[in-house]
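Written below as structure tokens is the structure these notes are about.
Computed from the coordinates by the stated procedures, all read-outs in this text should not be read as laboratory data. Since we're looking at a predicted model, the values are computed, not measured. For neighbour counting, all protein chains shown are included, and Cβ atoms are generated from backbone atoms with ideal geometry for every residue, glycine included.
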Amino acid sequence: MATPLSRRTLLAAGTGAAAGLSLPGVAAYADDRATKGMRFTLDAQVLDGGEQVTSVTLDAARLGPIDPASLTTGTFTVHAKATSPLPIADGDAIFSEYDLDRTVTAARLDRRGNIVLDLSHAEGQISGSTLGYIAGRGRNVMLDLTYTITQQAPFALRDHRSITIKDFVQSRRLSDPEVDAFSSHVSGSGMKYRLYSPAGAHSSGRSKRPLIVWLHGGGEGASLPDYYDNETTLRANRGALGFATPEAQRIFGGAYVLAPQSTSAWMQDGPRFAPLIREIIGDVVRGGRIDRDRIHVVGCSNGGYMSMKMTTVYPTLFAASVPICGVVGSFPPGGPPLIPDSELAQISTPSWLVTSRDDLTVDPQANTVHAHELIPGSLVTLYDHVVRNGHQFSGHWSWIYVARNDPSIDGTHVWQWMAAQRRP
């Protein structure tokens, strides 16, 4: 008969604290390693609307071969708590904090023999978000995530031993293979950036590759003296990640993808940021096998402004520019334009502008359409709404379409158009 074991629940966010339930009447796994707690990792994916924790992986392979038939959606429960990493000032608010039970939709084994608990997730569902938006600061931040795993029933090994884990220990690491594929860097001027390097890019004899520069929106900048993370640029949307997907890499023949993070918002100080971005581009070009005639700049919202600004400051640097819901007029209204008409009319970089007509954040007519009318030879795609897989997003989020290579003109999609461009 198994020795009765008492219930234990110990919690701490990302600090290696443990939580679990030991059930009386079943055999408990007694290996010394297990008494210190079974580790688990949060697995995340960046959806079109931002990153969510989509599953939890329990480090169970070391127990021995597990009988998958003994795992059900009721074997474990998962509780999630997400809180701001920063104090929230009186009168301010952070969106996407939560404290709730996550729904386990499947319990399975991965190829290593670890237990994976798939969790319910969907666009617009905040219960799995990894980011929170601080309204008063206008910034996304990485939430402190505390997950509690509780075993409700034993599972079995293939040798028929019943297993109940005493403790579960949350790993500090958040696993997201797409994000993890980007290395982290800091420029000589102190600007942080992430870089994706294509497979085989440094092999001798291989041809040089294009470079795609992704300039984030306002919510992914810094301007928080106590918060500059080099993370939200990749996790808030698929803007940079889209260009690192197998489909994009095939279209571009393997491309580097660069994502700098501003220390405030690009629109607040575009002329100062331009040379800092140029510095990073120069460092990346010197450090990799990059074709200088195939450097592209893409950006959304604040980054849409900055992608156009870069082509006014450096008219011969880029092969193509894709400004998405960018700002050229005064913002907020009443001041001078961020990019004067005279500068827009002088842009010589091939440009494809994208926006949605229902954008309530940046007036599409006064900004994207106006810029298109002035930038010589530019292309434009105007959507009515931002809808993907049946979910309607804010009209401002038209970057979702570019991240999925959706815009097309006369049968040519935006990624293929970019890949065909060369600097004169």
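Projecting the Cα positions of Leu360, Leu234, Asn302 onto the charge dipole of the chain (unit charges on Cβ atoms of Lys, Arg, Asp and Glu, taken about the Cα centre) puts Leu234 furthest along the positive direction. Dipole size of the chain about its Cα centre, with +1 on Lys/Arg Cβ and -1 on Asp/Glu Cβ: approximately 1460 debye, rounded to the nearest 20. Here's the picture: charge each Lys and Arg Cβ at +1 and each Asp and Glu Cβ at -1 in the stretch 46-143, and of Val116, Leu86, Pro65 the one pushed furthest to the positive end of that dipole is Pro65. In plain terms, the chain from Arg250 to Asp101 could stretch by 49.6 nm, reckoned as 0.36 nm per residue minus the Cα-Cα distance. Translational diffusion coefficient of the stretch 304-344 (Stokes-Einstein, Kirkwood radius from Cα pairs, 20 °C, 1.002 mPa s): 200 µm²/s. For the stretch 138-290, with equal point scatterers placed on the C-alpha atoms only and solvent neglected, what are the log10 I(q)/I(0) values from the Debye formula at q = 0.10, 0.17, 0.21 1/Å, to two decimals? For the stretch 138-290, the Cα-only Debye profile gives -0.49, -0.98, -1.35. So how far, in whole Å, is the C-alpha centre of the stretch 69-122 from the one of the stretch 348-403? Centre-to-centre (Cα) distance: 34 Å. Summarising the label geometry, the points placed 7 Å from Cα in the beta-carbon direction at Ser342 and Gln152 lie 7.0 nm from one another. Where (1) 46, 26, 17; (2) 45, 23, 19; (3) 30, 28, 19 are the candidate values, the label of the one calculated here for semi-axes √(5λ) of the Cα gyration tensor in Å is (2). The ranking of Thr233, Thr146 from fewest to most other beta carbons within 10 Å of each one's beta carbon is Thr146, Thr233. Exposure proxy for Cys300, Cys325: other Cβ atoms within 10 Å of each Cβ, ordered fewest to most, give Cys325, Cys300. Both numbers refer to the Cα atoms of the stretch 274-424; Rg and Dmax are 15.2, 45 Å. When the inverse distances between all different Cα atoms of the stretch 18-175 are averaged and flipped, the Kirkwood radius reads 16.6 angstrom.
If the chain linking Arg172 and Asp269 were pulled fully straight, counting 0.36 nm for each residue of separation and taking away their Cα-Cα distance, it would gain 31.4 nm.
Distances between placed amide hydrogens fall under 5 Å for Thr381 paired with Leu353, Val354, Thr355, all partners being 5 or more residues away or on another chain.
Residues Phe252, Phe393, arranged from fewest to most other Cβ atoms within 10 angstrom of their Cβ, appear as Phe393, Phe252. Taking Cα atoms, how many degrees apart are the long axis of helix 270-287 and the longest axis of the chain, rounded to 10 and kept between 0 and 90? Here the helix axis deviates by roughly 70 degrees. Computed from Cα atoms, the angle from the helix 302-313 axis to the main principal axis of the chain rounds to 40 degrees.
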